[in-house]
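Each reported figure results from applying straightforward, stated rules to the coordinates on display, with no laboratory input. This is a predicted model, so every value here is computed, not measured. Cβ atoms come from the backbone with ideal geometry, glycine included; neighbour counts cover every protein chain shown.
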């Protein structure tokens with residue numbers, strides 16, 4: 001049976017907040033068993049914010065945010081996805097600003113940071129949520145559901161009213177290597193016509209072609225890493241959002257036109273429907289090395 005894991009040593013990086021535009025310093029630190037993932041605001045005397053659905057801030061549109069007492073943290077999904085996919089159960093994430101840096105818009109820099117820190121088994125069994133019956137959430141024409149499966153698998157469909165991005169669908173069975181190679185490098189994306197509107201609302205102030213794919217009316221303004229990078233990034237987002245249940249998942253996740261609000265609604269519903277799942281043993285796995293080509297963005 002697999003053990004809970006934490007990072008082996010403390011590591012630090014810096015980058016820009018996507019929405020705030022501020023420089024952020026972030027430190028990833030080891031944590032004891034059963035701690036879970038906890039954000040610590042060093043600029044607020046170390047106030048902690050657990051990475052759990054019970055601390056959702058209600059700001060789940062363009063990013064996922066958390067709140068506890070007088071502290072908040074936003075844009076947590078990419079880092080949480082990397083921690084979950086690489087099997088890190090317990091860690092402290094210290095930062096000096098209420099937004100996780102966007103880095104290059106993907107989870108690849110977080111994979112690099114975690115592997116640089118190393119991963120250590122903690123000798124206490126990990127508990128995995130095994131889905132036993134279907135759980136579904138629907139919001140208009142947007143749907144998300146979890147079905148029983150022996151593995152964690154994602155089928156994701158996106159559909160946009162844009163000539164270059166109408167329909168993409170992808171199915172992947174998730175493990176560390178698949179995440180590192182197929183999902184982590186996929187960057188966040190947005191539409192050029194929406195950028196000015198977002199900035200007038202005080203958002204996307206740190207966005208650039210260095211940390212996001214931008215779609216204009218007639219083309220993509222920067223090169224793609226995958227032909228279907230858009231749907232892959234949505235898969236990355238949902239992995240990070242569902243990490244807020246606090247445990248590894250075993251089930252088939254099916255999403256149609258999802259977003260952070262829908263993803264986190266399923267996380268809440270999953271924990272509410274306690275009769276739909278049970279804790280199960282997690283098979284032992286080994287740490288996967290970072291493939292060549294994955295580099296930390298300068299921010």
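Structure notes:
- The spacing between region 88-129 and region 178-238, judged by their C-alpha centroids, is 22 Å.
- Legend: calculated FRET efficiency, residue 96 to residue 142, from the Cβ-Cβ distance at R0 = 35 Å, rounded to 0.05, equals 0.50.
- Packing, as the average of other Cβ atoms within 10 Å across residues, places the peptides 230-236, 88-94 in the order 230-236, 88-94, highest first.
- Over the chain: helical MRE at 222 nm, DSSP H runs n ≥ 4 each giving -39500 (n - 2.57), nearest 500: -5500 deg cm²/dmol
- A Förster distance of 25 Å, applied to the separation of the beta-carbon atoms of residue 194 and residue 226, puts the FRET efficiency at 0.65.
- Two-decimal log10 I(q)/I(0) for region 203-287, as the Debye equation yields it once each C-alpha is a single scatterer, q = 0.19 Å⁻¹: -1.00
- Net lengthening on full extension, residue 54/residue 209 (0.36 nm per residue, minus Cα-Cα): 52.4 nm
- Prolate/oblate/rounded label for region 66-216 (Cα gyration tensor, a/c 1.5): oblate
- For 245, 220, the sequence from fewest to most other C-beta atoms within 10 Å is 220, 245.
- Correct choice for Cα extents along the principal axes in Å that was computed from the model, options (1) 49, 43, 41; (2) 66, 38, 37; (3) 53, 42, 41: (3)
- Protection proxy ranking, peptides 42-51, 253-262, average beta carbon neighbours within 10 Å, highest first: 253-262, 42-51
- Taking other C-beta atoms within 10 Å as the exposure proxy, 9, 143 rank 9, 143 from fewest upward.
- Using a Förster distance of 35 Å, the FRET efficiency for residue 201-residue 155 (Cβ separation, nearest 0.05): 0.60
- Pair-distance distribution P(r) for region 1-119, from all Cα-Cα distances in 10 Å bins starting at 0: 14, 50, 32, 3, 0 percent.
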